[in-house]
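Student: Just passing along the structure, written as structure tokens.
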Amino acid sequence: SRQLTLASRPNGAPNEKNFKLKTVELPALKDGEVLLRTIYLSLDPYMRGRMSDAKSYADPVNIGDVMVGATVCQVEESKNDKFNEGEWVLAYTGWQDYAITDGEGLMQLGKEPANPSYALGIMGMPGFTAYMGLLDIGQPKEGETVVVAAATGPVGATVGQIAKIKGCKVVGVAGGSEKCAHAVEKLGFDACIDHKADDFAEQLEKACDKGIDVYYENVGGKVFDAVLPLLNTAARVPLCGLVSQYNATSLPEGPDRLGMLMGQLLTKRIKMQGFIIFDDYGDRYDEFAQDMQKWLQDEKIQYREHMVEGIENTVDAFNDMICGKNFGKTVVKINNP
Ligand code: NDP
């Protein structure tokens, strides 16, 4: 079995040298155990935090350990009554070909799920994050303007589409004209602005002619700088992620904007709230799953995957996702079903 382990802690963007591809012998299965064969591995921005030993809400991966991550696997062999050979499960077995578990924490996906990899995206953690952050913290109301960046990624695309279902005006922010066209034409956003454009801030202001009521924060950096002056009184800012700074090795350039931020929060009574999906909403997954299943069935939500093949391409695929070279939810196909 092949495993990608963390060999050293990255400084800035991770590179191949920070990981080691190991081949290991699998021990024989004991009673109660299940051998899982990884079919799909999810790549998500939070993994950058696990590579680093800076203090965070979760422990870092230890040097020499397999990188963590959600996977969709097939049961290859089972000595556990609850699992049968060939069945699909959602697991958390990380960047490796095979894993042996006692079955604890696995979510069963059945014998022939229609779209098994969806459990890593639209029906899984990113979809759930979009749903709870937008609806519980963002509290969007009909006719309000919602802005979301990383607009074609699994979180952003879902936020924008749910906001449309709730009757909002939705303005996306994405990198490049192809992604922006996708957000408007396929996802039904009212507008989508390319953050790489020189006049990005002016374009955003024009598109948000009534200001911004909900800014779903995925990226931080210059997108937030452009959003802040456009926030309306009583705006809500679900603080979901800050992907523009995950590889940062120093503070951003330019003047200190903290005083201005606090002044805006005060005078406009803006509510900004961070959240960590499973810690804060772990008990509300069913509520999300019910709504999302229905929206997918009714084709009210579109979902796009960025599928990469082969464990050896995982590090590149991870870096591509952090800097926006993905187009949709990044999934690595580790083995054929
Ligand atoms: P994506 O697949 O959307 O990938 C990240 C995207 O961020 C890139 O594709 C890129 O899109 C955009 N991006 C990168 N750098 C910049 C930049 N400097 N300025 C603007 N945009 C940038 O990721 P996800 O949908 O999986 O995750 C989105 C966010 O949600 C992340 O911040 C993640 O950490 C967070 N998250 C938080 C959770 C929580 O519990 N709080 C749970 C899950 C996710 P583009 O090319 O369009 O710029």
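Student: What's the center-to-center distance, using Cα atoms, between the stretch 105-183 and the stretch 283-329 in Å?
Tutor: Between the Cα centre of the stretch 105-183 and that of the stretch 283-329, the gap is 9 Å.
Student: Which Cys residues of the chain have no other Cys beta carbon under 4.7 Å away?
Tutor: Unpaired cysteines in the chain: C73, C168, C208, C240, C323.
Student: OK, next. Below 8 Å between Cα atoms, with a sequence gap of 6+, how large is the relative contact order for the stretch 1-155 in percent?
Tutor: 22
Student: What number, rounded to the nearest 500 deg cm²/dmol, is the helix-based mean residue ellipticity at 222 nm of the chain, given -39500 (n - 2.57) per DSSP H run of at least four residues and division by all its residues?
Tutor: Calculated at 222 nm, the ellipticity per residue is -7000 deg cm²/dmol.
Student: Loop-only check: which GluC sites (Glu not before Pro) in the stretch 199-274 are DSSP coil with at most 11 other Cβ within 10 angstrom?
Tutor: E253
Student: Something else: How high is the relative contact order of the stretch 197-278, given as a whole-number percent (alpha carbon pairs under 8 Å, six or more residues apart)?
Tutor: Result for the stretch 197-278 is 32 percent.
Student: Hey, another quick one. In a Gaussian network model over the chain where Cα atoms closer than 10 Å are linked, find which of N84, N115, N319 has the largest mean-square fluctuation.
Tutor: In the Gaussian network model the winner is N115.
Student: Now, a different point. Percent antiparallel among DSSP beta bridges with both residues in the chain, to the nearest 5?
Tutor: 55
Student: While we're on this one: Could you list V227, V72 in order of exposure, starting from the residue whose Cβ has the fewest other Cβ atoms within 10 Å?
Tutor: Ascending Cβ contact count within 10 Å gives the list V227, V72.
Coordinate-derived values only; no laboratory data. Remember, it's a predicted structure, so these values are computed and weren't measured experimentally. With ideal geometry, Cβ positions are generated from the backbone for all residues, glycine too; neighbour counts draw on all protein chains shown.
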